[in-house]
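The values are calculated or read from the model by the stated rules, or taken from the named source; none is laboratory data. Everything quoted here is computed from the prediction, not taken from an experiment. Here Cβ is always computed from backbone atoms with ideal geometry, including for glycine, and neighbour counts include all displayed protein chains.
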Amino acid sequence: MCDTCGCNVTYGNQHLIRPGGKLARAPGGREAVEVLSGLLSENDHQAAHNREHFDRHGVLALNLMSSPGSGKTALLEATIRALAGELRVAVVEGDLETENDAERIRAAGAPAVQITTGSACHLDAHMVHDALHHLDLESVDVVFIENVGNLVCPASFDLGHHRNVTLLSVTEGDDKPAKYPVMFRAADLMLLTKTDLLPVIEEFSPQRAETAVRHLANPAPVLRVSAKKGDGMKAWLKWLRAEVTAQRARGARGETVRPAMQRDGIRLHAGG
Amino acid sequence: MHELAVCQGLISQVSRIAAEHDARAVARIVVRIGPLSGVEAPLLQQAYTLARAGTVAEDAELVTEALPVRVRCEQCGAETDATVNRLVCGSCGDWHTRLLSGDEMILASVELLTAWQPDSPATLH
């Protein structure tokens, strides 16, 4: 093929070498290649693999995200105890250091794998994949992935889970969704935690917190829960059971689901 | 600060594309970033100077194109500008909207140096 005089350019392929086309050549031995893929496509590829792995075993995978100290581990302890004998729970714990949270989960009666990220501020799909090698998914119904406590970075990484559960404790301030829109836009369920403290934290308005989430165009249910006192656990467990049932139904149909908010994937695929 | 992790993903993707095209170097990388992607362009630039060292993109320029936040209202159908923490319809004010643009984190294109240039130091000896 002649690349010099242009005699190989036809009506059929000329769009490729026009400026912006896939094979457009810039002057001076430069070649411009149009890519249009997500910056995290390697992570997303691994995440899709993880999701297939969960689906093959009929397991529901939930990603728990929040700031540090909002009560993720306490919620899991209460959840594991409440579901004992009904649903088999396993937990992947993400922290910068220590096995403390995994030990708490094991004491509550569920298997746990601790990922210590060192200085990394989030979990990614590769870390979760490695952790899954230490779990027997055949004997599990629900895997909770307790992400690193952080309202910024974890929201950007697909782990291969099915739903995002975002916690906001009433000690944090009801404007958190407005301050961290990327995180709260990604929530499939928002849990207001430590609600037993509401009587002494008058400045926190659950209604304002919910309004802030709606302003992010997020229709996610907002539930109030106190893992310590047990208030609101019933509604949370009801949501959880419904998700397990839905996951099994999808499994029977050979389908899967991603968290409700799908980053640019839709547009990328629609655009070819 | 997860921009370094994002950048490492970017560099590995760019390196793969360069290898597929037998490129000797990468001259330019263009990414498109929306404000709702969770990635900050200035931090990405900083992280990039670390991530590119010793790779085929060592001398490549990183261009970040900012994308606007746009929503389409599911109630009235209007397409309007929005802000990151107020994605409500700019026309009727309803919050049932769909994001048209603003959460992108896309590698748009790369410019590769594909052939040895006459003025290239490697061809002078």
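Structure above, values below:
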quantity	calculated
Options B:A108, B:A41; residue that is surrounded by fewer than 21 Cβ atoms within 10 Å (Cβ to Cβ), within 30 Å of B:A27 (Cα to Cα) and at the interface with another protein chain (Cβ under 10 Å from one of its Cβ atoms)	B:A108
Residue that is farthest from B:I33 (Cα to Cα) [pool: residues in the range B:66-82 that are within 12 Å of chain A (Cβ to nearest Cβ) and either loosely packed, with under 14 Cβ neighbours inside 10 Å or touching a Pro at 6+ places or on another chain (Cβ under 7 Å) (or both)]	B:Q75
Breaking point among (1) under 13 Å from the mean Cα position of the chain (by Cα); (2) within 12 Å of chain A (Cβ to nearest Cβ); (3) over 20 Å from A:N43 (Cα atoms); (4) not in a loop (DSSP other than H, G, I, E, B), for B:G9	(3)
Matching entry among A:A178, A:A125, A:A110 (being more than 12 Å from the chain's Cα centre (by Cα) and over 20 Å from A:L216 (Cα atoms))	A:A110
Filter pass, A:T195 being of a type in the set (S, T, Y), closer than 23 Å to A:N63 by Cβ, surrounded by fewer than 19 Cβ atoms within 10 Å (Cβ to Cβ) and at pLDDT 95 or above	no
Condition broken by A:G232, with the remaining ones in (1) closer than 30 Å to B:R32 by Cα; (2) at pLDDT 95 or above; (3) crowded, with 16+ Cβ neighbours inside 10 Å satisfied	(1)
Leading residue by the ranking (surrounded by the fewest Cβ atoms within 10 Å (Cβ to Cβ)) among those in the range A:67-110 that are of a type in the set (S, T, Y) and modelled with pLDDT of 95 or more	A:S67
Matching residues in the range B:65-96 - criterion: being out of contact with any Cys (no Cβ under 7 Å at 6 or more places or on another chain) and part of a strand (DSSP E or B)	B:E65, B:A66, B:R70, B:R72, B:E79, B:D81, B:T83, B:R86
